[in-house]
Each structure stands twice: as structure tokens, then as C-alpha cells.
Amino acid sequence: MEFSQQKIIRILEKILDESAFGEVDFAENFTGRSARKTGYSSRNNRLTFVRRGVLQLYTGSGKEVNLREIPAGTTLVMKPFCTTGGVWEKCHETVALVCHPEYLRIIHAIHDRPGVPLLEPTYFYHLKDSLRGCTNDAINTLCALSAGKEADQLAPHMLKVIFTLLLKDVKNSRLHEYGKAYALWHNITEYISSSLETGLSRSLIAEKFNITETYVSRLFAHFSHDTFTNYLRNERLKASLKFLEQTDMTIEEIAWNTGFQSASYFIRCFRAAYHVSPGFRRRLKK
């Protein structure tokens, strides 16, 4: 995987020059009471445009998961907490946008070896310094739509606007090319974000990324200005806020889906961070 502003600019230009944005497929947000524990689940809005080939994905919202085949020219809109899991039988090329709270991640991936999983994207860029509110708003507006005639009519035009705004933002970015340490830290935080319900630990992260536990601590101290333990707890709490606001899961289910050891420990941590109980916070948002 390579961090590259110029290569992302070139692929965005090609998409705008060559591509006619066609159908939009939606993977809806979580509605069930027990999350699927395989595949990838994110609390962020995501878009994946299929430039070539056929993208195969298992997608679902917790109650039901289905295999979809998404052809070239189609964009998959993934809402928070939907589950996605890749299938690698067919070749494809995609460009994905992931709306993180602090930046927009642009991922260009080419899968050209049928039957072999694509372990990493080909190129990526984290857009932060020049990301305009109008670009974020356009992406979030598209993600707020649901499947139907309205989306069919509006989505192709909205995608044209999104990629046009995005290209200008990337061209205006002045971020330096990230070094290996920064890229590694982002890979670790991506993994944490997608695995909050599992038994994450510093030793597990060290083993998965083939580094020492001491280096894990150094990465978090340098880039997040916090300890690994505090970072992990804060990410779990931020995820719990979205579960409270966007799902009908019980407090116990939210605790389980965000990796807290028990509902009582979750409530204790939540009170310490936000000075109210999870149940009261939910009632305030309704």
C-alpha cells in the first residue's frame, strides 16, 4: 500500500473523464439486535465506486447478510454499522471514500488475481488540510438517501459533484507524504475501528502487525498523544454514542458490540466520560 497524492489525483481525473456514474446500491445501517461477527463493520459513511470488473461483497445490517455482485459503473453506499465482507473470485478496480471524523480516506484498489484476497489497497490518501465542508456535506447527503426512485434520479449527479469537489480538494492539499510509522499507525487504528467488539489488546496488535508492544505504545504516544488503553476506551465510547443514537439495541448489546467487559463497566466508563448514563443520553437525543 502506498500513500500517494499524485496517483490519487490521476485516478480521480480518469474517473471524471471516462466514467458515467450509473446505478447506486445501498447497504443500509444497522437495524437488528445482534451484530454479525464476521466481515467488517464501520461507524462511518462509506462509498465504493466500481471502475472495472465486478465487486463481490457480503453486505448486511445485522439481521440478514447477502452476497451482492456490483458491476462497473455502480457505486455502493455503505451506511454506519452495515456489515461488509469481501469475496475474491472476480477481478475488479474500485475507488472508495471513508468519512472519518478527522479526515477523508481515499482508497484506490486493484484486484487482478482471482481467488487471492486483496490484503491491502493499491494507493491511498488521507485528505485533511484542504477538505471542504461542502465535499463532506455532499458525501453525507448521498449516504442519507435510501434505495428508490429518488436515489436513482439524484445519485449519478451527486456522485459527479462529489468527485469534482474531491479532485479539487486533493489538488489543494499540502500534506507531506506519510512515512512508514504514520502509515502503520493509521493501519492499526483502522483495524481497531473495525474490531472494537473483539478482545483487542496491545499484545494482540503487536502480534498482528509484527511489531513489539513497546513500539505500539510509542506509536500511540506520538500520533494520538495518548496511551493505547485510553485511545481504545475512547474509540469504544465514541462508537457507543452512535449505537445509542442510531440503533434500538439494549445497553447490554451496545456494551457487547463495543467490546466492554460488561454492561456495568460500560455504564461506569460512559458516566465518567459524558457525565450522564447511556440511557439518559439516548433519551436526550430522541
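The values are calculated or read from the model by the stated rules, or taken from the named source; none is laboratory data. Small disclaimer: the values here were computed from a predicted structure and weren't measured. Using ideal geometry, Cβ is built from the backbone for each residue, glycine included, and neighbour counts are taken over all protein chains shown. Keep in mind that these areas ignore ligands, DNA and RNA; they rest on the heavy atoms of the full protein, side chains included. Shrake-Rupley method; radii C 1.70, N 1.55, O 1.52, S 1.80 Å.
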Checklist entry - Out of all the residues in the stretch 195-209, is one or more exposed (fewer than 13 other Cβ atoms within 10 Å of the Cβ) and modelled with pLDDT under 90? => result yes
Checklist entry - Within the stretch 55-84, can you find the residues that are closer than 16 Å to residue 24 by Cα, open to solvent by 40 Å² or more (accessible area, probe 1.4 Å) and charged (D, E, K, R)? => result 68, 69
Next on the checklist: For the structure I just gave you, tell me whether residue 130 is in contact with a strand residue (DSSP E or B) (Cβ under 7 Å, 6 or more places away or on another chain) and assigned to a loop (DSSP other than H, G, I, E, B).
Outcome noted: no
Next on the checklist: Tell me which helices (runs of 4 or more DSSP H) are completely within the stretch 237-286 and hold 3 or more residues being open to solvent by 50 Å² or more (accessible area, probe 1.4 Å), or say none if there are none.
Outcome noted: 263-274, 278-285
Checklist entry - Can you tell which of 120, 190, 177 is more than 21 Å from the chain's Cα centre (by Cα), under 20 Å from residue 105 (Cβ atoms), at pLDDT below 85 and not small (Gly, Ala, Ser)? => result 177
Item to check | Filtered residue count, the stretch 215-234, keeping only those that are of a type in the set (Ser, Thr, Tyr), surrounded by fewer than 14 Cβ atoms within 10 Å (Cβ to Cβ) and in a loop (DSSP other than H, G, I, E, B) | outcome: 1
Checklist outcome for this item: Log entry, pairs with first residue in the stretch 5-24 being assigned to a loop (DSSP other than H, G, I, E, B), second being polar (S, T, N, Q), beta carbons closer than 6 Å, six or more apart or on different chains, reads 22/74; 23/74
Checklist entry - Mind checking which residues of the stretch 142-163 are outside any loop (DSSP other than H, G, I, E, B) and loosely packed, with under 14 Cβ neighbours inside 10 Å? => result 144, 149, 150, 152, 153, 157
Item to check | Selected residue (criterion: farthest from residue 246 (Cα to Cα)) from residues of the stretch 26-53 that are open to solvent by 40 Å² or more (accessible area, probe 1.4 Å) and modelled with pLDDT of 70 or more | outcome: 52
